[in-house]
1. For PRO142, what is the net charge nearby, where nearby means another residue's Cβ is under 12 Å from its Cβ and Lys, Arg count +1, Asp, Glu -1?
2. Return the sequence-ordered ³J(HN,Hα) values of the range 46-56 in whole Hz as given by the Karplus equation 6.51 cos²θ - 1.76 cosθ + 1.60 applied to θ = phi - 60°, using x for Gly and Pro.
3. GluC sites (Glu not before Pro), restricted to the range 99-183: which are DSSP loop and have at most 10 other Cβ atoms within 10 Å?
4. For a quick check: sort ILE61, ILE76 by the number of other beta carbons within 10 angstrom, fewest at the front.
5. Taking 0.36 nm per intervening residue step and subtracting the Cα-Cα distance, what contour gain separates ASP178 from VAL99 on full extension?
6. Please list 3J(HN,Hα) in residue order for the range 129-141, calculated via the Karplus relation 6.51 cos²θ - 1.76 cosθ + 1.60 where θ = phi - 60°; whole Hz, with x for glycine and proline.
7. Cut-off is 10 Å between beta-carbons; in what order do CYS151, CYS157 appear when sorted fewest neighbours first?
8. For the range 108-181, rounded, prolate or oblate, judged on the Cα gyration tensor with a ≥ b ≥ c (square roots of eigenvalues), a/c < 1.5 rounded, else prolate if a/b > b/c?
Amino acid sequence: MTHIDRRTIIALSAGVLMSNILPAAVSAAINPAPVGRPGDFDFLTGEWRIHNKFREGEKWIEFPGEATVVGILGGIVSVEELRIPARGFSGMGLRLLDVGKKIWSDHWVNAKSGVVAVPGQLGVFQDGAGTFLSEGEGAEGPELYRGVWDCITPKSCRWFQSTSRDGGKTWDDSWFMDWTRGG
């Protein structure tokens, strides 16, 4: 498949996913002033090496990864191919800006299933960081999930993931990814 064919497929997929409705808790967390704009994810375009620190139970596991990220459609779509050979894992991040609502959605596709996570996390960038939230049901009841992009420089950035079981009052961090430019 050529590069142009891949972009066309991704663009068509983006149109289908843009019809998501904001979950109530997520909408409340990013209101009253959504400020998403084209190009917010431009910092992520390129080739990356990634140091992962992931918690399994009470133990932290560290492993390398890499990613290739492409921005398309004038900065309203960012597509990431994540590769973690040490864990036999790969997938795709698909980030889409709803231009009218000024809200970004961040979706995940695991290469083993090929299924797009819908709804994805929703959020915006403010004060140099992007915060993305979603709701779900955990073993102990309702949970909020948060993904944060911060420490953004021309050569590096960080993403981390957290869970809250008390409506966002406290957060339990479970995965850190330190990104460094390079092939």
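1. -4
2. 3J(HN,Hα) across the range 46-56, in whole Hz: x, 9, 9, 9, 10, 9, 9, 10, 10, 9, 10.
3. Numbers: sites: GLU135, GLU137, GLU140, GLU143; in loops: GLU140.
Sites meeting the loop and neighbour criteria: GLU140.
4. Working: ILE61 13, ILE76 22.
By the 10 Å Cβ count, ascending: ILE61, ILE76.
5. Details: separation 79, 0.36 × 79 = 28.44 nm, distance 2.87 nm.
Separation in residues times 0.36 nm, less the Cα-Cα distance, equals 25.6 nm.
6. After applying 6.51 cos²θ - 1.76 cosθ + 1.60, I find 9, x, 10, 10, 10, 8, 10, x, 10, x, 4, 9, x Hz.
7. Working: CYS151 14, CYS157 21.
With the fewest neighbours first, CYS151, CYS157 line up as CYS151, CYS157.
8. Numbers: a/c = 1.98, a/b = 1.30, b/c = 1.52.
Taking the square roots of the gyration eigenvalues as a ≥ b ≥ c, the range 108-181 is oblate.
Where a number appears in this text, it was derived from the coordinates with a stated rule and is not lab data. Small disclaimer: the values here were computed from a predicted structure and weren't measured. Every residue, glycine among them, receives a Cβ derived from its backbone with ideal geometry; neighbour counts consider all protein chains shown.
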